[in-house]
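The values are calculated or read from the model by the stated rules, or taken from the named source; none is laboratory data. Remember, predicted model here, so these are calculated numbers, not experimental data. Side chains included, ligands, DNA and RNA excluded: accessible areas come from the protein's heavy atoms. Shrake-Rupley method; radii C 1.70, N 1.55, O 1.52, S 1.80 Å.
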Amino acid sequence: VVYVGEMSEWHGADMLLDIAERLKEGVKFLLLGKQLEKLKGDAEERGIADKFVFVGFVKHEEMPKFISAADVGIAPYKPSEEMKKHGFYFSPIKIFEYMACGKPVVASDLEIIRDIISANRCGLLAKPRNAEDFASKIEVLLRDEKMRERMGKNGRKAVLKYTWDSVADAILSDYHG
């Protein structure tokens, strides 16, 4: 399972430890990004450090080879109540990176993500902040190679709709519309 991101509250990286504890032996997490070292100490304290490979920061152009080494990409976003109240919007770039590499995604069931995952049938949605639900969705994908392949192919095809150029064209089309 690959995670690309940082150690910020709303990215949900801290949930990876709880999710890992619920998965069977042999499932490894590949962590790429900034400030994830804190998790390493916590994983050692909890006796699950062997379930993680901490890579740290990786140049953008090297990211695909790391993501491609995994079976599943994870995006456990957990926006705060403050973010929800003010209509927080974000571009889930990590999800697009997983899709571009042909990897199925397990992500938080948030409106913006639901629109991408459901419309393109490229992953499974889990309840935000629910490690048990994330773990069960990961297990479903790890057990079913055909499902992983199908969702990965769907994501690979669909990601072209989400390039900066495609999004800009859609906005300009609506504007001139």
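Given H placed 1.01 Å from N in the peptide plane, which residues other than close sequence neighbours of Gly12 have an amide H under 5 Å from its amide H?
Lys78
Just want to confirm a number: the relative contact order over the stretch 1-128, from Cα pairs under 8 angstrom separated by 6+ residues, in percent.
Rounded, it is 25 percent for the stretch 1-128.
Going by accessible area, probe 1.4 Å, with all protein chains left in place, what is the ranking of Arg148, Arg129, largest first?
Arg129, Arg148
Once fully extended, how much extra length lies between Ala119 and Ser8, figured as 0.36 nm per residue of separation less the alpha-carbon to alpha-carbon distance?
Additional length available on full extension: 37.2 nm.
Order Arg46, Arg143, most accessible first, counting only protein heavy atoms with a 1.4 angstrom probe.
Reading off the accessible areas and sorting them downward yields Arg143, Arg46.
Might you tell me the accessible area per residue for the stretch 1-144, computed with a 1.4 Å probe and given in Å²?
48
Just to make sure I understand: if all protein chains stay in place, what is the order of Glu139, Glu45, Glu61, Glu145 by accessible area at 1.4 Å, largest first?
Glu45, Glu61, Glu145, Glu139
Give me the distance between the Cα centres of the stretch 28-66 and the stretch 114-149, rounded to whole Å.
Taking the Cα centre of each part, the stretch 28-66 and the stretch 114-149 sit 21 Å apart.
To the nearest 10 square angstrom, what accessible area does Ser108 show with a 1.4 Å probe?
0
Taking a threshold of 24 Å on the Cα-Cα distance, which of the pairs Lys40/Lys153; Lys24/Lys157; Lys34/Lys146; Lys127/Lys161; Lys51/Lys137 fall above it?
The answer is Lys40/Lys153; Lys24/Lys157; Lys34/Lys146; Lys127/Lys161.
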